[in-house]
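Nothing in this text is a laboratory measurement; each read-out follows from the coordinates by a stated rule. Being a predicted model, the structure only gives us computed values, none of them experimental. Reconstructed Cβ throughout: ideal geometry from the backbone, glycine too, with neighbour counts over all protein chains shown.
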Amino acid sequence: MKTIAEFRIPYRQVLDVDGRLVSDLPEFAKDPEELLRLYRMMMLTRTFDTKAINLQRTGKLGTYASCLGHEAAHVGIGAAMRPEDCFAPMYREYGAQFWRGVKMEEVLLYWGGDERGNDFAAARHDFPWCVPIGTQCLHAAGAALAYKLRDEQRCAVSVIGDGGTSQGDFYEALNLAAVRELPAVFVVVNNKWAISVPLSLQTASKTLAQKAIAAGMPGIQVDGNDVIAMRQTMEDALQQAREGRGPTLVEAVTYRLSDHTTADDASRYRQKGEVEDAWKTEPLLRIRRYLMDSGAWSDADEEALKADCTQRVDAAVAAYLDTPVQPVEAMFDSMFASLPESLAEQRQTARRFVNSGGHH
Amino acid sequence: MKTIAEFRIPYRQVLDVDGRLVSDLPEFAKDPEELLRLYRMMMLTRTFDTKAINLQRTGKLGTYASCLGHEAAHVGIGAAMRPEDCFAPMYREYGAQFWRGVKMEEVLLYWGGDERGNDFAAARHDFPWCVPIGTQCLHAAGAALAYKLRDEQRCAVSVIGDGGTSQGDFYEALNLAAVRELPAVFVVVNNKWAISVPLSLQTASKTLAQKAIAAGMPGIQVDGNDVIAMRQTMEDALQQAREGRGPTLVEAVTYRLSDHTTADDASRYRQKGEVEDAWKTEPLLRIRRYLMDSGAWSDADEEALKADCTQRVDAAVAAYLDTPVQPVEAMFDSMFASLPESLAEQRQTARRFVNSGGHH
Amino acid sequence: MPKITLIEGVTMALAWEMEHDDRVVVLGEDVGVNGGVFRATAGLQQRFGGDRVMDTPLAESMIAGMSIGMAAQGMRPVCEIQFMGFIYPTVDQMINHAGRLRHRTRGRLHVPMVLRAPFGGGIHAPEHHSESTEALFAHMPGIRVVIPSSPRRAYGLLLAAIRDPDPVVFLEPKRIYRLQKQEVEDNGEALPLDTCYILREGDDVTIVTWGAMTFETLKAAEELDKEGISAEVIDLATISPMDLDTILESVEKTGRLVIVHEAARNCGVGAEVAAGVAEKGIWDLKAPIVRVTGYDTVMPLFRLEYEYLPSVARIIDGVQKTFED
Amino acid sequence: MPKITLIEGVTMALAWEMEHDDRVVVLGEDVGVNGGVFRATAGLQQRFGGDRVMDTPLAESMIAGMSIGMAAQGMRPVCEIQFMGFIYPTVDQMINHAGRLRHRTRGRLHVPMVLRAPFGGGIHAPEHHSESTEALFAHMPGIRVVIPSSPRRAYGLLLAAIRDPDPVVFLEPKRIYRLQKQEVEDNGEALPLDTCYILREGDDVTIVTWGAMTFETLKAAEELDKEGISAEVIDLATISPMDLDTILESVEKTGRLVIVHEAARNCGVGAEVAAGVAEKGIWDLKAPIVRVTGYDTVMPLFRLEYEYLPSVARIIDGVQKTFED
Ligand SMILES: Cc1ncc(C[n+]2csc(CCOP(=O)(O)OP(=O)(O)O)c2C)c(N)n1
Ligand SMILES: Cc1ncc(C[n+]2csc(CCOP(=O)(O)OP(=O)(O)O)c2C)c(N)n1
Ligand SMILES: [Mg+2]
Ligand SMILES: [Mg+2]
């Protein structure tokens, strides 16, 4: 039979697992300072992540979704975006969010059960963490459409997981973005697992990047543990979007080194060996190797950085722990622009019975 | 960048618009009687369609969805399926359903506002017409899973339109079927329009068959006005499914020659010229030409067939018009296997006030 | 002043607001060239162009989700769901995001969107084209549900809905889209939300209803008048949040309450009206509260649909029940 | 006899029915090797294999839709939605197909499926993990909504739900998944659906509740006893279709009705209970009907969730209101 359509999915990697160059260094990466900025943020993110898990273990934080192993993918996204762009995350993209100005204490407040964590001091237009998987992709598409209609040179970026690619909303967003040539980039962070469901039970598609073909948009797979490849791929996709040449689907291949969340016990469903192997490919390792080999980084720098990160994280934790609980009225006061009568009455009831439920 | 995945979408046509062979005749098509069976059903379907539209125009039928121009696609599906297979239609696949034993008066009852039209006398396990677009694909996937779990050699076939391919349920069904290797075939009848929305506003994907790639399943585009290509493509896909080699997405390219439904006026949104051109490619024409050229069919046969079809359609219409309205109790009696008390009380109310609403 | 129908009131409100607010965009299936399957957006794309009046791909969750994204980024999307029977894929986006975004971001982002949909039976439509499931949306915190029952209210309430900084589900009773003409001045004047509209004053019984059923209810009220029963007819209009005070005042006067709606009875909005009065106005009641509603069945195909819809006779009977002892 | 928790009752019922009915299959996200995020399906895949206990891709509309397809073709799928906050993509398939298929085919096809989901707050879970929106499903014709409130009822009602030839939405109050242990014999005996369960007899006031709130309600009843108020506590159990008769009988005896639920108040199931009594039992009432419910706000994140959930004190206050005049 004759062929009426053909497609290919490209793959990008710049640094291999040992930090050796396997393809040309992109322009930005020729400036060591640029690479150090990425590395420092990856380190800060990991330091924060470790601390957050400890806070949860010691009862000072609620369920927390770790980003261990995702640092390159997340930081690469954040570093490629402009402040005026819009980020629609899922729930573990701290590396990208820190780059955009989201505060560590905001992350802690959110997982600590306080909506004020979603009231970002910076990136005011970014979407908050999104737990209902898939829905955020449509918000990104809508944001991109708003920018396009207003002729603003802004892009929207959403992140979803490998499991999330099974959701109809994900596909609907891709289809919309492509048919309207929206300034959007859809990132699939493929960390191989959706809680306990391995990729092999999630989809039969060989890559997740190829899901772009269904929408008629370009898809590319990138080594998500290679922060240089990640940032460059995002910059290319964003530039294309900004110039009105339409959206891109980026699959970042990485691995979830942690449990799904602190409420999960991954040992129930995956092999120790698999995780140990994954550790050999983790993202900080290779960029550090590369920086050290190129003489831009030393053990002393490493120690200093770690100390600095710890100090900054500790300060954020202190700020978080010092935040008093919101007054019960907060439950009502942001429901509508102005409070309907029926709610005003309930608001009084809530005040009357404050603390009667206990459990604090 | 290196390529990590490549895909191609094949296209099948056997008869061109003039009824000339453009590729080898499949086995079944070498028997003229087989081709005549297909042609007769296409003619019956078209005769029925014309009559149904007239019934609506004269107030004897509710809104009706015409299948004008889809006869080859629909009959090709029906002819390739086995009785024990399961069909999950949308709302205009009469040609496929007639082949499976659905009665013309059942179609009329349904569009005439009577649920008994969905109580097929034959194909008892087939799904009824499905108006909420996209949902039927998941029912087909579920049916296919049931057969697979029970080790039955049965397949499920669903049909969706070009517009329907934008629905999340469509994609979710494809993804599920592929990852579980279900005995299912998903047919996209691409008639170029979703009511007033042209394909160009529906999706940026060059073909609809390529949407299969997102699920990791094979996709093929077929000339949906070529009943031979259509039936053969379906037979291949069904055999593959039956043998446990997984699902296929079949895009049947055709054209909606009618208004969307009798409630629609397509002249509001599409060009006369486009429709006139489409008439030149319509499905009955080319198979008739082929049959006549090969001496298997004559003008006399044609006249006889038309007379026979008219007679059978008239009989069905008479049966439909003779069907009395259901008793008001019918509204309640099939809600649950056994009627809950609260409903029993409402059932009495309905009887007490029967006809009080008027409008009959 | 032009005499217009309810659906023309919708079109007029959309046109006015698009004319006066660049942020307003209309989107949905077939809303463009075709002007909507009921013609609610007729002429708008020709007038405002394809960027302001967009035909979307066929996906309702997408329509709601993209509208939320647009609204959160400063637009005022008014999206159309072609029939209420197809509104259910929007439920996730509406309850999990539209109604929550302001709350969960402490007001940093909000969702000034309107989700329009024709609803209700009685036009001999095909399957799934006659639903009345406003109760589903009325139960969602953070979302307003508004239903007009006249050309004037269609115009005024839709303007208010579009201008409201929070999400509004605007349900249009398609059975009366063209039933009645009213003089409506195209002056951009909105009508207040969160309040009932008293359609008919009366002393003996309060009948609360909304949407198309206001017509059967007013007919019933006329009939009852002949029997010497004076009925007050209240159009709930904003289904949620509900203006219970107006209803309580009326019941205080009449002592009797009948609720009429087309939707299924069980957990319908009528239950909330009854519960509110049973809590705060029970001592005013001289009779049991009566609900005259659609049945707890699937909306039947059209041969039986008028057996499902509350009839004038059923409403009269319901009122008479409140005079038995 | 083993003493088990509510969630163990769920697991035990699933295992029994899978053992005795080949048509029963369990499917959902993480229900396989992982045994469900709450362990409700723990051990089932190991015991019955991957064909009977299937991890599905991450898509709730898919889970509902495929279950409908399987059920219509002779299987008995019991599917799990991981949290009620993620149940909304199933609404379209449930209302448009699960609840309709028997009706629209005049009984040719039917949908013996169970849609299980943990629901409710109080476990300090993340956002969207604490919803109680049973009212949405209670308004859907053709669908049963069942909520157990004890290990015994979890076992008996789930067995009944799986055996029921029509679709059942089975909501599990996760806050009490492990709160209480009961002796439950694993004998495959189902408990009746469509009926209330009287948890405590009393003469002065009827309190209707369901799910986790039965615990606060029973505590409140104990407290009230000390004040000399004897409360009858009724577990609604089958939320829809509702067993109003048992409630009416109780109100006839007590003359007072308080309804307690965790869900938002507006158009919650409590409204239907109140409306039913205001229609059929109003003359028995010595006091206004009182609802003690969650607020019409978004369920707050966990630092405030116990300010949202009805407390024992609020229930006591609600009951006391019915004794004021
Ligand atoms: C719509 C929806 N369904 C289910 C869940 C529960 N849930 C939370 S995370 C998760 C797995 C997500 O996996 P993936 O998309 O791969 O992202 P990852 O967590 O691996 O980054 C599930 C099922 C949810 N949050 N939203
Ligand atoms: C979920 C849903 N949304 C909207 C509609 C209204 N509607 C009926 S047919 C139709 C267009 C369908 O186009 P397509 O999928 O191409 O099928 P076709 O009618 O062209 O065969 C629409 C929007 C519907 N039936 N279901
Ligand atoms: Mg993952
Ligand atoms: Mg089409």
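Per-structure values
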read-out: Qualifying residue in region A:225-245 (condition: at the interface with chain B (Cβ under 10 Å from one of its Cβ atoms) and farther than 30 Å from A:Gly59 by Cβ); value: yes
read-out: Test: residue in region D:269-280 that is touching a Leu at 6+ places or on another chain (Cβ under 6 Å) and within 24 Å of A:Ser342 (Cα to Cα); value: yes
read-out: Close pairs (6 angstrom Cβ cut-off, 6 or more residues apart or separate chains): small (Gly, Ala, Ser) in region C:68-95, more than 11 Å from ligand 2 (Cβ to nearest atom) and in a helix (DSSP H, G or I) anywhere; value: C:Gly69/A:His139; C:Gly69/A:Gly142; C:Gly69/A:Ala143
read-out: Any chance B:Thr248 is over 30 Å from C:Asn34 (Cα atoms) and away from ligand 1 (no atom under 16 Å from the Cβ); value: yes
read-out: Residue within region A:308-322 that is over 28 Å from the mean Cα position of the chain (by Cα) and without any contact (Cβ under 8 Å) to a residue 60 or more places away in the chain present; value: no
read-out: Scope region B:159-201; condition near ligand 4 (Cβ under 9 Å from one of its atoms) and either facing chain A (nearest Cβ under 7 Å) or small (Gly, Ala, Ser) (or both); matching residues; value: B:Gly161, B:Gly163, B:Gly164, B:Ala194
read-out: Output for region B:252-263, where each listed residue is within 9 Å of chain C (Cβ to nearest Cβ) and farther than 22 Å from B:Val188 by Cα; value: B:Ala263
read-out: In region A:198-237, the residues that are in a helix (DSSP H, G or I), away from ligand 3 (no atom under 16 Å from the Cβ) and hydrophobic (A, V, I, L, M, F, W, C); value: A:Ala212, A:Ile213, A:Ala214, A:Ala215, A:Val227, A:Ile228, A:Ala229, A:Met230, A:Met234, A:Ala237
read-out: Whichever residue in region C:16-30 is assigned to a helix (DSSP H, G or I) and among the charged types (D, E, K, R) and, among such residues, is surrounded by the most Cβ atoms within 10 Å (Cβ to Cβ); value: C:Glu17
read-out: Within region B:202-213, tally of residues that are free of Cβ contacts under 8 Å to residues at least 24 places away in the same chain and within 16 Å of ligand 4 (Cβ to nearest atom); value: 1
read-out: Residues located in region A:119-151, provided they are touching a residue at least 24 places away in the same chain (Cβ under 8 Å) and not in a loop (DSSP other than H, G, I, E, B); value: A:Thr135, A:Gln136, A:Cys137, A:Leu138, A:His139, A:Ala140, A:Ala141, A:Ala143, A:Ala144, A:Leu145, A:Tyr147, A:Lys148
read-out: Test: residue in region B:117-131 that is away from ligand 4 (no atom under 16 Å from the Cβ) and on the phi > 0 side of the Ramachandran plot; value: yes
read-out: Residue check for A:Asp24: outside any helix (DSSP H, G or I), within 14 Å of another protein chain (Cβ to nearest Cβ) and surrounded by fewer than 22 Cβ atoms within 10 Å (Cβ to Cβ); value: yes
read-out: Within region B:103-118, considering residues that are outside any helix (DSSP H, G or I) and within 12 Å of chain C (Cβ to nearest Cβ), the one nearest to B:Cys86 (Cα to Cα); value: B:Asp114
read-out: Unique match (being of a type outside the set (Asp, Glu) and not in a loop (DSSP other than H, G, I, E, B)) among D:Val33, D:Val10, D:Val37; value: D:Val10
read-out: Among the residues listed as C:Ala98, C:Ala13, C:Ala40, C:Ala71, the single one being crowded, with 24+ Cβ neighbours inside 10 Å and within 9 Å of chain A (Cβ to nearest Cβ); value: C:Ala71
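Each row is one residue, and each column tells you yes or no for (1) crowded, with 22+ Cβ neighbours inside 10 Å; (2) more than 14 Å from chain B (Cβ to nearest Cβ); (3) in contact with a Leu (Cβ under 9 Å, 6 or more places away or on another chain).
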position	(1), (2), (3)
C:Ala264	yes, no, no
C:Lys286	no, yes, no
C:Val292	yes, no, no
C:Arg314	no, no, no
